[in-house]
1. Quick check on packing: order 39-49, 90-100 by the mean number of other C-beta atoms within 10 Å, highest mean leading.
2. Can you tell me what the convex hull of the Cα atoms of the stretch 38-86 projects to on average, as an area in nm²?
3. Please report the relative contact order for the stretch 1-97, taking Cα pairs under 8 Å with a sequence separation of at least 6, and give it as a percent rounded to a whole number.
4. Under the definition of Cα pairs under 8 Å and six or more residues apart, what whole-number percent is the relative contact order of the stretch 102-175?
5. What number results when the radius of gyration of the stretch 55-139, computed over Cα atoms, is divided by 2.2 N^0.38 Å?
6. Rounded, prolate or oblate: which fits the stretch 80-184, taking a ≥ b ≥ c as square roots of the Cα gyration tensor eigenvalues, rounded meaning a/c under 1.5, else prolate when a/b beats b/c?
7. Please state, as a whole number in µm²/s, the translational diffusion coefficient that the Stokes-Einstein equation yields for the stretch 102-145 at 37 °C and 0.692 mPa s, with Rh defined as the Kirkwood radius across alpha carbon pairs.
8. Given the stretch 1-124 reduced to its alpha-carbon atoms as identical point scatterers, what log10 I(q)/I(0) does the Debye formula return at q = 0.13, 0.19 Å⁻¹?
Amino acid sequence: MDLDRVARRQQGVVSRAQALEAGLSPGQVRWRLQRGRWRAIHPGVYLTNNGTVDWPSRARAALLRCGRGSVLILSAACYLWRLERTPPAVVTVGVPTDRHPEPADGLVVVRRRRLEPVTVDGLPVTRLPVTVLDMADRPGCSVDDAVALAARACQERAVDAAALRRELDGRRRHQHRRELRLAFAEVGNGAESLPETTFETTVRRPHGRRPSSGRSSRTTDRGPT
């Protein structure tokens, strides 16, 4: 194993197991840490340079800490999908149900039966529809916030309301299931909040009215996706 190549692929981060597999001895690993050439982010997970530990490095370190099959979920995935501008202080990682990683600072582990990751910026994350529905199901997330997030995903990323509806169909216990089923009929067409969605569904369509000029302008200004 070429450890330098692995480190470049993993945001500068390697695990102790990878270092040993590449031929380093425990003493050589310890020497690098003592000399400051490497820095421990989590026990057994190291940044292989003396630069700052940026968020992608923290995310990779969390994945390596959790081991095989781990995937960035919830706010970590939302940030990578560019639906949030600020990186989360805590990295949330999903792992298969048969894994029980040791806890670590700045890391939350959630066991899941279904992960189906994709790669964004070189990191494994939940698919975009899964990420949106996960975030909408968090405690304290309002219906309006959930619809706004879905609308943003449709407008800014490569997803449509049909994909969101398909994901929602498999979530019978989702806290906003009924409201989102109604809202997804509109968010793909530019509605940005539940009040706007409700107005379109209950007022404009039944009376044959066309969308307001403000909404039409907003949809037109988006350009091709």
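We did not get these values from a lab; they are worked out from the coordinates using the rules stated. All values reported here derive from a predicted model rather than from experimental measurement. Virtual Cβ from ideal backbone geometry, glycine too; neighbours counted across all protein chains shown.
1. On the way: 39-49: 19.0, 90-100: 17.5.
Ranked by mean Cβ neighbours within 10 Å, highest first: 39-49, 90-100.
2. Values: hull surface 15.3 nm².
Over all viewing directions, the stretch 38-86 projects a mean Cα-hull area of 3.8 nm².
3. In percent, rounded to a whole number, it is 22.
4. Working: 45 pairs, mean separation 17.1, N = 74.
So the answer I get is 23 percent.
5. On the way: Rg = 11.5 Å, N = 85, 2.2 N^0.38 = 11.9 Å.
Dividing the Cα radius of gyration by 2.2 N^0.38 Å gives 0.96.
6. Working: a/c = 1.68, a/b = 1.47, b/c = 1.14.
Cα axes put the stretch 80-184 in the prolate bin.
7. Values: Rh = 12.5 Å.
Once the numbers are plugged in, D ends up at 262 µm²/s.
8. Those come out to -0.51, -1.05, one per q.
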